[in-house]
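Visitor: I have a structure here, written as structure tokens, and I will follow up with some questions on it.
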Amino acid sequence: MSHRNKLVIAGCAAFLMLSTAGLQRPSQAQENQSRGMITPATQEAIDAGLAYLAKNQNPNGSFGTNQHVGNVAITSLAGLAFMSGGHQPGRGRYGDNVTRAVRNIISLENKNVPGYLHNPRNAFHGPMYGHGFAALFLAEAHGMVNDRNLRDQLRGTLDRSIKLIINTQNHQGGWRYQPVKGDADISVTICQIMALRAARNAGITVPKKTADDCTRYVQSCQEKNSGGFRYQPFGGPPGFARTAAGLCALYSAGHYEGPDVDKGLNYLMRFKPAGRGGFFGNPEVQIHYYYGHYYAAQAMWIAGGDYWKQWYPAIREELLGSRNAQDGHWFNGQICPHYCTAMSLIILQIPNNYLPILQR
């Protein structure tokens with residue numbers, strides 16, 4: 001059996017698995033893929049970045065600065081950054097930081113729209129972005145919470161948040177900015193299908209039709225000649241961040257192999273990071289730098305092989321060369337330092353393979 005076929009079977013099994021376990025033991029293939037990727041300099045940067053986030057967490061457990069204080073997406077991404085280093089709710093050096101972030105997200109469930117995770121005072125464009133990241137964070141934390149009361153609260157909130165995603169999928173198979181059935185775009189759709197994948201892994205029922213419809217919508221956004229993904233089926237040209245999101249959406253829906261995946265990966269490789277000094281190199285990449293690389297690195301991790309071996313060292317060196325060495329944060333003017341730092345830390349810690357969503 002080929003390596004590619006083994007990957008497909010393993011990936012499909014992961015999507016169908018009902019698991020309430022916390023961290024799982026990685027396979028030998030994953031261990032080989034991870035070996036040597038996090039260098040001593042990388043770990044030093046990771047440690048400094050996590051310390052920066054922990055020091056700057058808001059009193060109510062949220063993250064975000066200035067107009068983004070308390071944003072659910074940023075808080076959830078920061079929580080995932082800690083968990084990417086093996087820090088679980090209540091356990092590990094930053095276990096308390098994760099627990100406080102979980103409690104904050106749970107407290108923001110909209111009382112009038114059950115399951116809707118949204119802070120109306122601190123949201124940037126498109127609240128369903130935040131909802132998707134928040135549901136993903138809760139799903140990843142599920143099974144790692146020892147406190148019984150908190151675990152029950154988390155499960156109830158997660159159940160409702162996932163039902164909201166399922167019930168707001170539109171007729172095309174995607175999602176858009178608001179928690180209603182309207183139009184759709186690929187950048188909001190990836191946030192929802194990844195949350196659904198994580199929830200399925202946590203033992204929550206997700207209809208197969210939901211994943212199948214999402215797959216068809218994402219495929220409709222692909223430009224057949226180049227292999228790149230558009231924002232919408234007929235919405236502008238393909239691009240870096242959109243293609244990274246499209247590939248991760250297909251993977252999250254359980255679609256791992258085919259000409260669409262191969263062409264998408266080859267298109268994405270056009271934007272391989274330049275390493276140190278390449279941070280401001282490509283205008284297309286700079287538009288949504290951290291968002292795009294967050295999905296691109298995950299897509300390459302799942303693809304494995306030469307895709308991963310070429311991509312990760314390049315983005316690793318690019319991020320190491322662009323951080324603020326004084327206090328360990330990242331910021332290039334997009335959103336806020338908490339957001340940029342959390343995204344960078346998740347990318348750099350992918351070889352740890354601690355997040356269930358990354359495990360095949």
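The values are calculated or read from the model by the stated rules, or taken from the named source; none is laboratory data. Keep in mind it's a predicted model, so treat the numbers as computed, not measured. Heads up, the Cβs are rebuilt from the backbone with ideal geometry, glycines too, and the neighbour counts pull from every protein chain shown.
For (1) modelled with pLDDT under 95; (2) under 20 Å from the mean Cα position of the chain (by Cα); (3) under 20 Å from Gly49 (Cβ atoms); (4) of a type outside the set (S, T, N, Q), each residue gets a yes or a no:
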{"position": "Gly278", "(1), (2), (3), (4)": "yes, no, yes, yes"}
{"position": "Asn282", "(1), (2), (3), (4)": "yes, no, no, no"}
{"position": "Gln286", "(1), (2), (3), (4)": "yes, yes, no, no"}
{"position": "Gly292", "(1), (2), (3), (4)": "no, yes, yes, yes"}
{"position": "Cys340", "(1), (2), (3), (4)": "no, yes, yes, yes"}
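Visitor: Run Pro114 past the list (1) within 24 Å of Tyr52 (Cβ to Cβ); (2) surrounded by fewer than 21 Cβ atoms within 10 Å (Cβ to Cβ); (3) modelled with pLDDT of 95 or more and report the number of the one that doesn't hold.
Guide: (1)
Yes/no matrix, rows are residues, columns are (1) touching an Asp or Glu at 6+ places or on another chain (Cβ under 9 Å); (2) modelled with pLDDT of 95 or more; (3) among the β-branched types (Val, Ile, Thr):
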residue	(1), (2), (3)
His3	no, no, no
Val8	yes, no, yes
Gln43	no, yes, no
Ala81	no, yes, no
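Visitor: Give the number of residues within region 207-233 that are touching a residue at least 40 places away in the same chain (Cβ under 8 Å), surrounded by fewer than 24 Cβ atoms within 10 Å (Cβ to Cβ) and in a helix (DSSP H, G or I).
Guide: Of the residues in region 207-233, 8 are touching a residue at least 40 places away in the same chain (Cβ under 8 Å), surrounded by fewer than 24 Cβ atoms within 10 Å (Cβ to Cβ) and in a helix (DSSP H, G or I).
Visitor: Select from region 247-269 the residues that are under 18 Å from Asp185 (Cβ atoms) and touching a Gly at 6+ places or on another chain (Cβ under 6 Å) and write down the one among them that is surrounded by the fewest Cβ atoms within 10 Å (Cβ to Cβ).
Guide: Among them, the one singled out is Gly264.
Visitor: Which residues, taken from region 77-106, are farther than 15 Å from Asn58 by Cβ, part of a helix (DSSP H, G or I) and either charged (D, E, K, R) or more than 16 Å from the chain's Cα centre (by Cα) (or both)?
Guide: Gly95, Ile106 - these are the residues of region 77-106 that are farther than 15 Å from Asn58 by Cβ, part of a helix (DSSP H, G or I) and either charged (D, E, K, R) or more than 16 Å from the chain's Cα centre (by Cα) (or both).
Visitor: Anything in region 65-91 that is of a type outside the set (A, V, I, L, M) and farther than 17 Å from Ile106 by Cβ? List them, or say none. Steps first, answer last, please.
Guide: Narrowing region 65-91 to residues of a type outside the set (A, V, I, L, M): 65-68, 70-71, 75-76, 79, 82, 84-91.
Scanning region 65-91 gives Thr65, Asn66, Gln67, His68, Ser84, Gly85, Gly86, His87, Arg91.
Visitor: While we're looking at this one, here's another question. Kindly indicate whether any position in region 126-144 is over 13 Å from Val102 (Cα atoms), modelled with pLDDT under 95 and surrounded by fewer than 16 Cβ atoms within 10 Å (Cβ to Cβ).
Guide: no
Visitor: Only one residue in Ile204, Ile186, Ile190 is within 29 Å of Gly86 (Cβ to Cβ) and buried (at least 24 other Cβ atoms within 10 Å of the Cβ). Which one? Talk me through it step by step, then tell me what you get.
Guide: On the way: Ile204 fails: buried (at least 24 other Cβ atoms within 10 Å of the Cβ); Ile186 fails: within 29 Å of Gly86 (Cβ to Cβ).
Answer to the check: Ile190.
Visitor: Continuing with the same structure: Surrounded by fewer than 21 Cβ atoms within 10 Å (Cβ to Cβ), touching a His at 6+ places or on another chain (Cβ under 7 Å), closer than 18 Å to Ile346 by Cβ and not charged (D, E, K, R): is that true of Gly95 in this structure?
Guide: Details: surrounded by fewer than 21 Cβ atoms within 10 Å (Cβ to Cβ): yes; touching a His at 6+ places or on another chain (Cβ under 7 Å): yes; closer than 18 Å to Ile346 by Cβ: yes; not charged (D, E, K, R): yes.
Judged against the criteria, Gly95 is a match.
Visitor: Looking at region 285-329, which of the residues that are more than 29 Å from Gly254 (Cβ to Cβ) and acidic (Asp, Glu) is surrounded by the fewest Cβ atoms within 10 Å (Cβ to Cβ)?
Guide: Result: Asp327.
Visitor: Related question: Could you tell me whether Tyr312 is in a helix (DSSP H, G or I), touching a Pro at 6+ places or on another chain (Cβ under 9 Å) and not polar (S, T, N, Q)? Can you show your working first?
Guide: Numbers: in a helix (DSSP H, G or I): yes; touching a Pro at 6+ places or on another chain (Cβ under 9 Å): yes; not polar (S, T, N, Q): yes.
Yes.
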